[in-house]
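For reference, the structure discussed in these notes is given below.
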Amino acid sequence: MAGESRICFLHISSIRIEITGGQQEILNSQLRKSTTPVGLAKRARAILMLASGERFSKTSLYLGMGERHLRKWARRFREQGIEGLYDGKRPGRPPVSFPSSCIVLSQDRLRAC
């Protein structure tokens, strides 16, 4: 390889993440809550990392998230703000629930009245 020159292309993203102090506080509070869904916590951490100047490639590796998905969530954050980080409604049948007064637990079995 002596005498050969190498050209490296670095993908510079057109997506820039900037957050306000209020948004940063909300994202940090989501990370501190033990009741925050794992997916939402991952997306909050990603936005905080990107806003601090981390690259998409490093952030995606750190979080174990595909770079394509990371870019999707970053775009949603840019367009919708913090609301864009929440999961949307999914198609399909809604979960079935029983009235709480009608469920009896007996010997590790669920029995409806």
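Any read-out appearing in this document is the output of simple, stated calculations on the displayed coordinates, not a laboratory observation. Note that the structure is predicted; figures quoted are calculated from it, not measured. Backbone-built Cβ (ideal geometry, glycine too); neighbour counts: all protein chains shown.
Protection proxy ranking, highest mean first, for peptides 57-63, 86-92: 57-63, 86-92, where packing is the per-residue count of other beta-carbon atoms within 10 Å, averaged. Determine one quarter of the surface area of the Cα convex hull of segment 30-71, which equals its mean projected area, and express it in nm² to one decimal. The Cα convex hull of segment 30-71, projected and averaged over all directions, gives 2.8 nm². Summing charges over neighbours of Glu83, with a neighbour being any other residue whose Cβ is under 14 Å away from its Cβ, gives +3 when K and R count +1 and D and E count -1.
Over all other residues within a Cβ to Cβ distance under 12 Å of Leu31, the charged ones net out to +4, with Lys and Arg as +1 and Asp and Glu as -1.
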